[in-house]
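Shown next, in structure tokens, is the structure this report addresses.
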Amino acid sequence: MASRKVNINLSNNLCDIQIYVDPVKQRQAERLIAKTPSIMKLGYELGTRKFGNQLLRIVRRSLNKGLPPPGSKVSWPPHATATLKKYATLKKYATLKKYGAHTLLNLTGQYARSVTMVTQKDRTFVGLPPGLRKITYSGRTSRKTLNQIAIMLEYGSRDGNLPPRPLWKPAFEAAGGNVVLEKEIRNQLRKELRKYTK
């Protein structure tokens, strides 16, 4: 449908009123309305991706350093003496000790390397690929997936032998939580809208 200039004169007992619509602005408004669904989708994707990258950096840094996310006010309980004795003979463990008390959470490096961000349809995920099996420090494939290990570390084991060492929730809060996530989405939406309103 071609845009046309709107120029209407209305008269009443008090005065004459003229309504005028600039055809350029009218075309711009029509284009904006037509593009709004794709603008909303793109703004959401860009905002969640920006927040997701920040979350990803925090999680990887925590795993590599063996420390809870900075500023999270979370502390992880020390490893049991039996656990430390079990790994004390490993050469790799001797070099990892200097980086923090919880480098055992990332002894093989697989956890930190496997954390990723995936954007699918209208959702952005930061986490571990489903079904990926844990490789033990001795090189064997575990029966447990990395997701199962991550959940056990986050909440502890049911029997209480493994205390919780939360990473994901504190990392989400360290990245700014819902407040920053919503702000990033809003900012990206504004940027995309401005492309059609200049």
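The values are calculated or read from the model by the stated rules, or taken from the named source; none is laboratory data. What you see is a predicted model; the values in this text were computed from it and never measured. All Cβ positions, even for glycine, are placed from backbone atoms using ideal geometry, and neighbour counts span all protein chains on display. Side chains are part of the model used for accessible areas, which takes the heavy atoms of the whole protein and leaves out ligands, DNA and RNA. Shrake-Rupley method; radii C 1.70, N 1.55, O 1.52, S 1.80 Å.
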Which one is least open to solvent (accessible area, probe 1.4 Å), of the residues in the range 155-187 that are touching an Asp or Glu at 6+ places or on another chain (Cβ under 8 Å) and assigned to a helix (DSSP H, G or I)? Trp168
Considering only the range 165-181, I want to know if a residue exists there that is more than 22 Å from Lys50 (Cα to Cα) and at pLDDT 85 or above. yes
Residues located in the range 122-154, provided they are part of a helix (DSSP H, G or I) and either loosely packed, with under 15 Cβ neighbours inside 10 Å or not polar (S, T, N, Q) (or both): Leu146, Gln148, Ile149, Ala150, Ile151, Met152, Leu153, Glu154
So Glu192 passes all but one of these: (1) open to solvent by 30 Å² or more (accessible area, probe 1.4 Å); (2) closer than 30 Å to Arg27 by Cα; (3) in contact (Cβ under 8 Å) with a residue 60 or more places away in the chain; (4) not β-branched (Val, Ile, Thr). Which condition number does it fail? (1)
If a residue has to be under 15 Å from Trp168 (Cα atoms) and open to solvent by 70 Å² or more (accessible area, probe 1.4 Å) to count, how many in the range 21-64 make the cut? 4
Pairs only if they're at least six apart or on different chains, beta carbon under 6 angstrom, first in the range 108-131 and farther than 13 Å from Leu167 by Cβ, second open to solvent by 90 Å² or more (accessible area, probe 1.4 Å) and modelled with pLDDT under 85; list them, first residue then second. Thr108/Tyr137
